[in-house]
Each structure stands twice: as structure tokens, then as C-alpha cells.
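A quick write-up on the structure given underneath.
A short reminder: the numbers here are calculations on the coordinates, not readings from a lab. Worth saying up front: this structure is predicted, and the values here are computed from it rather than measured. Backbone-built Cβ (ideal geometry, glycine too); neighbour counts: all protein chains shown.
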Amino acid sequence: MFRRSFLAAILACVLPWSIAAPAEELQRQGLVVEVTDGDTVVLDGGRVVRLVGLQAPKLSLGRARVPDQPLSPEAKVALENLVLGRGVELWFGGERVDRYGRYLAHLSRDDGLWVQGEMLRQGFARVYTFSDNRARASEMLAREHEARQDRRGIWRNEFYRIRDHAEAHRYVGRYELIEGRVVDVSIANRRTYVNFGQDWRQDFTATISPRDLASFRAGAIDPKSWVGKTLRVRGWIRAMNGPMIDVTHPEQIEVVSQ
């Protein structure tokens with residue numbers, strides 16, 4: 001007991017308090033005093049909250065070589081209109097604090113409005129989940145789909161449109177939504193490869209590690225059943241034998257058509 005208490009005391013001194021604080025000590029209410037961008041707010045007392053589960057257009061915020069993304073000022077204004085000066089409640093569906101000391105939380109406004117859902121409904125964000133933070137993903141995807149169908153907010157802008165798998169190579173290094181028909185699903189060195197073209201050295205591929213495949217199996221999802229179906233894959237594109245997205249959890253993949 002002494003060793004654990006001593007270690008906790010040291011951590012509280014050398015780490016930001018929000019990282020060192022036990023989960024049960026995280027404060028769940030606050031007043032929004034600042035909106036940094038379309039998915040980050042500051043609460044009274046200086047607590048920073050990253051709206052988990054979505055990604056709004058990014059402002060450069062003074063960062064070198066990081067340009068403002070299209071509609072980033074509008075996304076910030078949309079969030080300001082929703083929460084600035086309002087009381088909010090934080091609730092958590094997974095990992096609670098990131099490496100920067102920011103809370104990773106869903107926000108409910110003092111009148112009960114779910115902030116993530118409203119930003120997605122207005123079309124000022126895309127769904128952006130993680131394997132350790134997937135709460136209400138299906139609801140968020142539904143809100144995003146509604147906004148995209150009605151061409152609200154970012155969905156009127158070319159920068160955010162869904163990309164065809166054949167053009168994925170143009171967007172390496174970016175978070176994108178890629179769509180195409182699966183021609184083959186193979187396993188090599190225990191890793192699953194979902195291939196969208198005949199040439200795996202050049203065509204777009206989604207990959208699933210053996211560890212991450214467990215969450216698909218838990219949901220009774222067999223990647224081999226995707227052959228011949230049109231999928232939408234979301235994530236960061238990297239270059240590895242052609243453009244590739246590493247899929248870590250089922251919510252990154254939507255079956256668009258059979």
C-alpha cells in the first residue's frame with residue numbers, strides 16, 4: 001500500500017494532474033470558457049476536453065506547415081454556438097485521458113443535447129473512433145450519413161468527399177473515407193489483408209492485425225465474407241505496397257452494398 005501511494009504521489013508531481021488523477025476523480029461537469037477548434041474545448045479551471053469519436057476540420061493554430069483545413073473556422077463557430085458559456089457534463093466510453101492530458105469525453109449540454117451528435121448532424125465533423133474509444137459509434141455513423149446525404153457542412157466540399165479506392169494513392173498521409181469493391185481477402189503472417197484490386201503491390205488494401213481481429217470475431221464478423229461486397233473504410237492512409245489503411249476495430253468498416 002505504501003509503495004502504491006508513494007508512486008502516485010510522485011506521478012502527481014511530475015505529470016499533468018489530469019493524467020495522474022484516478023478515473024473516479026475526473027470531474028464530470030464544467031462550464032465551457034473557450035472553444036479551441038471544432039472538436040476541442042476548455043472548461044473552467046483549465047481542463048481541456050477533446051470531443052471523442054469525431055474529427056472536425058483542423059485549424060493550424062500557429063503550427064508550422066499545418067494549414068487550416070477547409071471549413072475549419074466554420075466548424076469552430078458551430079461548436080461555439082453549441083457550448084460556449086454553457087454548462088456541460090462529461091461522460092466516458094473508453095480511454096479517458098490522452099497523452100497530452102486532455103479529457104477524451106462525450107459532452108452533453110446542460111439541456112441534455114449530445115454535442116458530438118449535433119456536430120455530426122450539422123455536417124461539421126466526421127466519425128473518428130479508436131479501438132479503445134468506440135462508444136455510440138453506430139449512432140455517430142448514422143448522424144454522419146444523414147448529414148452527407150443532405151450535403152450539410154463539410155459534405156459540400158471536395159476536400160471531404162468519399163474517395164474511390166483507385167485514387168487512394170493520392171491521399172497518403174491523410175485521414176480519408178475510401179470506398180470500393182473487395183476482390184480478395186487473404187491472410188499472410190497471421191495478418192488479414194482486404195484487397196480492393198488485383199495487384200496488392202499497388203492497389204488499395206485494408207489490413208487487420210491478429211490482435212485487432214479479435215474484436216471482429218467478437219461481433220461475429222468474418223472478413224472473408226466481404227469478398228464481392230462494396231465497403232467503406234475510414235482511417236489514415238499510409239504507403240505500404242500501395243495505399244493502405246490499418247483497421248483496428250469494426251467501426252472503421254461499413255458494408256455499403258452486398
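How high is the FRET efficiency from Lys229 to Trp91, r the C-beta distance, R0 41 Å, rounded to 0.05? Display every interim value, and only then the final one.
On the way: r = 35 Å, r/R0 = 0.84.
Approximately 0.75, to the nearest 0.05.
Pairs of alpha-carbon atoms within less than 8 angstrom and 6+ residues apart define the contacts here; what relative contact order does the range 162-257 have, in percent?
Working: 208 pairs, mean separation 31.2, N = 96.
With pairs under 8 Å counted, the relative contact order is 32 percent.
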Practice problem: In vacuum, with every alpha carbon of the range 14-155 counted as one equal point scatterer, what does the Debye formula give for log10 I(q)/I(0) at q = 0.15, 0.17, 0.19 Å⁻¹? Two decimals, please. | Solution: -0.72, -0.93, -1.16
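Could you order the peptides 194-207, 158-171 from most to least packed, using the average number of other C-beta atoms within 10 Å per residue?
Values: 194-207: 18.6, 158-171: 15.1.
The most tightly packed comes first, giving 194-207, 158-171.
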Quiz item: Relative contact order for the chain: what is it in percent, counting Cα pairs under 8 Å that are at least 6 residues apart?
Solution: 14 percent
Quiz item: Roughly how big is the chain's charge dipole about its Cα centre, with Cβ charges of +1 (Lys, Arg) and -1 (Asp, Glu), in debye to the nearest 20?
Solution: 580 debye
Quiz item: When the Kirkwood radius is taken over all Cα pairs of the chain, what Stokes-Einstein diffusion coefficient follows at 10 °C and 1.306 mPa s, in µm²/s?
Solution: 80 µm²/s
Quiz item: What FRET efficiency do you get for Glu158 and Leu61 if R0 is 22 Å and r is their Cβ-Cβ distance, rounded to the nearest 0.05?
Solution: 0.40
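Expressed as a rounded percentage, what relative contact order does the range 14-155 have, with Cα pairs under 8 Å and six or more residues apart? Walk me through the numbers before you get to the answer.
Working: 271 pairs, mean separation 35.6, N = 142.
For the range 14-155, the relative contact order is 25 percent.
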Quiz item: Cβ under 10 Å from Glu146's Cβ, Glu146 left aside: what net charge do those residues give with Lys, Arg +1 and Asp, Glu -1?
Solution: +2
Quiz item: Taking K and R as +1 and D and E as -1, what net charge do the other residues with C-beta under 9 Å from the C-beta of Met119 add up to?
Solution: 0
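Where Rh is the Kirkwood radius over the Cα pairs of the range 162-257, the temperature 20 °C and the viscosity 1.002 mPa s, what D in µm²/s does Stokes-Einstein return?
On the way: Rh = 12.9 Å.
Stokes-Einstein gives a translational diffusion coefficient of 165 µm²/s.
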Exercise. Determine the sum of side-chain charges near Ser209: Lys and Arg each +1, Asp and Glu each -1, restricted to other residues whose C-beta is under 10 angstrom from that of Ser209.
Key: +1
